[in-house]
Amino acid sequence: MFGVSASRASAVFLDRDGVLNENMAGGYVTAWRQFRWLPGAAAAIALLNKQGWKVFVVTNQACIAKGIASHAAIDGIHDRMLHELRVRGANVSGVYVCPHRPEHGCSCRKPRPGMLLQAAEEHGIDLPASYFIGDSLTDMRAAQAANTQGILVRSGLGRSQEEEARRLQAAGHYCDTVLEAVQYITRQGQLHDPKRRV
Ligand SMILES: [Mg+2]
Ligand SMILES: [Zn+2]
C-alpha cells in the first residue's frame with residue numbers, strides 16, 4: 001500500500017462548486033437538474049484513487065441555513081453525485097458540508113479550516129502532505145489555515161480571483177481544471193518519493 005505513511009494517509013480535498021460542477025450563476029445548486037459536471041472531474045478523482053489518495057469534498061452550502069434548500073435536498077444531490085462518480089470508477093471517502101450562514105461565525109465555513117480539520121481527525125489525514133483544490137480565495141485561505149497545500153483552479157471563480165490570490169501568495173499552484181491540478185499533484189511524486197516514506 002502506498003500513499004500512506006506509518007500511520008497517516010495523504011488526502012486531496014476538493015471544493016465542489018467551480019471545481020467538480022459549474023457554479024450556479026447568482027445562486028445555489030438546490031436540485032440535481034442544476035448540477036452540471038465540469039469536464040474531467042470524475043477522471044481526476046479516479047486518477048487520485050488509483051494512486052492511493054483519499055478524496056474528500058468540502059463545500060459551503062449556506063443555502064441550507066437560508067432555507068433555500070433542505071439538508072436532505074443537499075444530501076440527495078451528494079448521493080447522486082457520488083453515485084455518478086462511482087459509476088466512473090471515482091470514489092470519494094466523505095463529503096463535508098457547512099450549512100451555516102457567514103454571520104453564524106461557525107468554525108466549519110471556509111475560509112475557516114473546520115471541515116478540513118474534522119476530516120483529518122476522522123480519517124487520520126496528514127494535512128501538510130495533503131492538498132486542497134478549490135476555485136476561490138476562500139478555499140485557499142482554508143487550506144492555509146489547515147496547513148495543507150492549496151491549488152487554485154480557474155474553472156470557477158479562480159479566473160477572477162487568481163490575481164488577488166497571487167498577490168496574497170494564498171495558493172501553492174494554479175491550474176485551469178481539477179484534472180490538471182491532479183496531474184500536478186501526480187508530478188510532485190509525493191507518494192513515491194522515498195524521502196517521504198518515513
Ligand atoms: Mg467553489
Ligand atoms: Zn459552518
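The values are calculated or read from the model by the stated rules, or taken from the named source; none is laboratory data. Treat the numbers as computed from the prediction; the structure is a model and nothing was measured. Positions of Cβ are backbone-derived with ideal geometry, glycine not excepted, and every protein chain shown enters the neighbour counts. The area values use the complete protein model at the heavy-atom level, side chains included, leaving out ligands, DNA and RNA. Shrake-Rupley method; radii C 1.70, N 1.55, O 1.52, S 1.80 Å.
Mind checking which pairs have a first residue in region 144-161 that is at positive phi and a second that is modelled with pLDDT of 95 or more, Cβ under 7 Å, 6 or more apart or different chains?
Filtered contacts from region 144-161: Asn147/Leu127; Asn147/Pro128.
I need the full set of residues from region 88-131 which are open to solvent by less than 50 Å² (accessible area, probe 1.4 Å), in contact with a helix residue (DSSP H, G or I) (Cβ under 9 Å, 6 or more places away or on another chain) and more than 22 Å from Ile64 (Cβ to Cβ), in order please.
Within region 88-131, Gly89, Ala90, Ala120, Ile125, Asp126, Leu127, Ala129, Ser130, Tyr131 qualify.
Which of the residues that make up region 42-56 are surrounded by fewer than 22 Cβ atoms within 10 Å (Cβ to Cβ) and among the small types (Gly, Ala, Ser)?
Ala42, Ala43, Ala46, Gly52
Quick check on Pro39: is it away from ligand 2 (no atom under 16 Å from the Cβ), under 16 Å from Ile133 (Cα atoms), in a loop (DSSP other than H, G, I, E, B) and open to solvent by 40 Å² or more (accessible area, probe 1.4 Å)?
Working: away from ligand 2 (no atom under 16 Å from the Cβ): yes; under 16 Å from Ile133 (Cα atoms): yes; in a loop (DSSP other than H, G, I, E, B): yes; open to solvent by 40 Å² or more (accessible area, probe 1.4 Å): yes.
So Pro39 passes the test.
For region 158-172, enumerate the residues that are buried (at least 18 other Cβ atoms within 10 Å of the Cβ) and closer than 26 Å to Ala120 by Cα.
As a first pass, look at region 158-172 and keep what is buried (at least 18 other Cβ atoms within 10 Å of the Cβ): 158, 161-162, 165, 170-171.
Within region 158-172, Gly158, Ala165, Ala170, Ala171 meet the criteria.
Please work out which residue is most open to solvent (accessible area, probe 1.4 Å), limiting yourself to region 57-87 and to residues that are over 18 Å from Leu14 (Cα atoms) and not in a loop (DSSP other than H, G, I, E, B). Step through it out loud before you land on a result.
Of all residues in region 57-87, those over 18 Å from Leu14 (Cα atoms) come to 63-73, 76, 87.
From what's left, not in a loop (DSSP other than H, G, I, E, B): 71-73, 76, 87.
Values: His71: 85, Ala72: 74, Ala73: 37, Gly76: 34, Val87: 102 Å².
Going through the qualifying residues, I end up with Val87.
Residues checked against (1) polar (S, T, N, Q); (2) touching a Cys at 6+ places or on another chain (Cβ under 6 Å):
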site: Ala90; (1), (2): no, no
site: Cys98; (1), (2): no, yes
site: His123; (1), (2): no, no
site: Thr138; (1), (2): yes, no
site: Leu157; (1), (2): no, no
site: Gln161; (1), (2): yes, no
site: Gly189; (1), (2): no, no
